[in-house]
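Q: Just passing along the structure, written as structure tokens.
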Amino acid sequence: MTAQTLPKIIVFSLVCLIVTGCSAPNKSTHDTSPSVKNAPATPKIVVVNKLAENDHLPIEERIALYYQLKKEQPEVYDFTNETELTLYGYRALWNNKVTEAIAIFKLIVAEFPGSYNAYDSLGEAYMANGDTDLALWNYEKSLAMNPDNFNAEDQLERIKFPNKKPETPTEKFSKVYSAAQYREDLDQLAYKLIKVHPNALKFISKEDLWKLVEQKKQLMTDQTTYAEFFWHCGEIIASLQCSHTRLSYFDVENEMLPVQYLFPLETRIFNNRLYVTDPGNNAGKVKEKDEILSINGVPTAKLLQDIYRHLPAQGYIQTPKRHEFNMWSACLIPYALGFPNQYELLLNGQPQPVVLNKAEKHHGRFRNKSLKICQDGLCLDLLGDGKSAVLSITTFNYYPWNNLSVFQRFMDSTFQVLREKNIRNLVIDVRFNGGGSQHASIYLLQYLLDKPFVYYTKTDFEGKNEKTYGEEPIKPFKNRYQGKLWFIQDGLGQSTTGHFMSLVKLHKLGPVIGEELGSNHFCSAGQTMCRLSNTKITFGVANNTHVSSSASLEDGKGIMPDHEVYQTVDDYFRKVDAVKEFVLSLLER
């Protein structure tokens, strides 16, 4: 992976990590499992599934297989899904199988000659192979087909001017544009949001959106910095209240923030109050568990309220904002306070303010160090009572074009173990789960439900020509789980996790414990990457709609727990998983 390929890779990584139902209709690829045969066939199988099943063959034979199937079985396989083929090509490219990637992208160009993205992808593969002339030709072709393809524009500039030094994040931070350029970009930002997002005005009126844009335009001067403008853009984007529409995941803001401006403490919110969790190089001035009442004279409640306006989330849900603040507080506080040169804290129980030492180094996001997290994405823990188990699923990021079979094999073996061990109580923990593929979610539900179910009542995206997998009734497996179920969730649950938990609620599969989920049955998913003309700021905008069959729930509210349980500040420092402990206490009863 090179610097030249990064922009395009970011686009597809976002698609794969956070899109709900980004893949087109197909059936499970795990045909070797006897239980899969219980599931009804969908209208057509995406042809990339068949190619992936034959990855052991040379790429030339797989391409020949594609054309053979297209000629002999067009009624069985779907050949219209460019996205799946493209992701299949990128899987090869990311695995350094550059020759394979070139062959796949050439196939896509032949099959979809009107696609600018196909030429862009082929250009990227040629660049990775060192074929600069061929990359140049394909990028120019792509840009001619779509003048808004800024990735091709950037790659062409890198090819033609290889000695041109790109701006560093720090240089961007303090860069200044004219007020007129900022205002032009703000107008463009709003227009792009409304044009691309299918539900842009679901949670905000057109009048209120433009009112916010006009307020921001009035704040622009010839002295406004790029970083300040970036922060203002974030509030406009977050006003759509869509977790799939955003500037970044605050890694960009963090990277370009000079170290002297970083807030020099690690903090976390507990019960709407802000506490120090790691004093860092200020150990002599503050200590763990100190409550911060104000920073630079701004009450904590007001500061958090301002920061929350810049944090994207689904509808009116607040729990994901708290989690995002906890991860990026050292970065978010400086932006919200206008990059002060020093930080002065008022602590609970101390009459005099404390002036902090400056931060000494950069760091990434903060993580909850008090919880044991399943690092592999899928974990099964058998409990000591011999009749209970915890199944942790920290991602549904398993796709037919890539690794869905990994998820299916794990679930098959898991439920076999549960049957053999006669496990009667199963806790399914979906905390930290940011979503992924509906195929994984549906596969798990087939083990949990006892009657046919519909996963989606609506899917709407560009290029849709058949029903999406999940829109027609799906049969549960005959060897489904027969015991009792409990579910654990948190505010980090996004996208597909919302669909999964909405069906848990709809079918009353078992008690839900934790906090309000960060998503629900309704999801504006996918992402179209856009860029502002003057400042060159890039941002992603949701471009499709997926609604689960639990459509009677409130669109702006997360899936609510039956038992609301939070970790307290004391739990954190004692490294107690209060939510899991609560569930285990229910099992004991």
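FYI, it's all coordinate maths here, none of it is from the lab. Quantities reported herein were computed from a predicted structural model and do not represent experimental measurements. We place every Cβ from the backbone using ideal geometry, glycine too, and count neighbours over all the protein chains shown.
Q: Of LYS369/LYS421; LYS289/LYS321; LYS321/LYS369, which ones are farther than 26 Å apart at the Cα?
A: Flagged as over cut-off: LYS369/LYS421.
Q: Taking the Cα centre of each part, how many Å lie between the stretch 542-589 and the stretch 334-375?
A: Centre-to-centre distance over Cα atoms comes out at 27 Å.
Q: Also, I was wondering about something else. Sequence gap at least 6, Cα distance under 8 Å: using those rules, report the relative contact order of the chain to the nearest whole percent.
A: Numbers: 1106 pairs, mean separation 96.5, N = 589.
That works out to 16 percent.
Q: Enumerate the lysines that LYS202 could reach by cross-link, defined here as Cα to Cα under 18 Å, with residues fewer than 8 away along the same chain left out.
A: Those lysines meeting the cut-off are LYS192, LYS211, LYS458, LYS557.
Q: If you don't mind, another one. Which log10 I(q)/I(0) values, to two decimals, does the chain give at q = 0.07, 0.09 Å⁻¹ under the Debye formula with one point per Cα?
A: Treating every Cα as an identical point scatterer, log10 I(q)/I(0) equals -0.46, -0.77.
Q: For the pairs LYS172/LYS217; LYS206/LYS464; LYS44/LYS387; LYS164/LYS195; LYS71/LYS467; LYS175/LYS195, flag any whose C-alpha to C-alpha distance is greater than 31 Å.
A: Numbers: LYS172/LYS217 20 Å; LYS206/LYS464 28 Å; LYS44/LYS387 41 Å; LYS164/LYS195 34 Å; LYS71/LYS467 23 Å; LYS175/LYS195 29 Å.
As for pairs spanning more than 31 Å Cα to Cα, those are LYS44/LYS387; LYS164/LYS195.
Q: Using just the Cα positions, wrap the stretch 378-588 in a convex hull and report its mean projected area in square nanometres, one decimal place. Display every interim value, and only then the final one.
A: On the way: hull surface 57.3 nm².
Reported value for the Cα convex hull: 14.3 nm².
Q: Could you give the distance between the Cα centres of the stretch 114-138 and the stretch 392-406, to the whole Å?
A: 29
Q: On to the next question. Cα centroids of the stretch 182-223 and the stretch 465-487: how far apart, whole angstrom?
A: The stretch 182-223 and the stretch 465-487 have Cα centres spaced 41 Å from each other.
Q: Further question: Provide the FRET efficiency to the nearest 0.05 for the THR568-ALA301 pair, computing r from the beta carbons and using R0 = 22 Å.
A: Working: r = 19 Å, r/R0 = 0.85.
Approximately 0.75, to the nearest 0.05.
Q: Considering only DSSP beta bridges with both partners in the chain, what is the antiparallel share in %, to the nearest 5? Spell out each step's value before the answer.
A: Details: 34 of 52 bridges.
Looking only at bridges with both residues in the chain, the antiparallel portion is about 65 percent.
Q: Then there's this: Cα to Cα, under 13 Å, and not fewer than 8 places away if on the same chain: which aspartates and glutamates meet these conditions relative to LYS216?
A: GLU184, ASP185, ASP187, ASP208, GLU228, GLU235
Q: For the stretch 169-364, count the residues as N, evaluate 2.2 N^0.38 Å, and divide the Cα radius of gyration by that value, please.
A: Values: Rg = 17.4 Å, N = 196, 2.2 N^0.38 = 16.3 Å.
My calculation over the Cα atoms of the stretch 169-364 gives 1.07.
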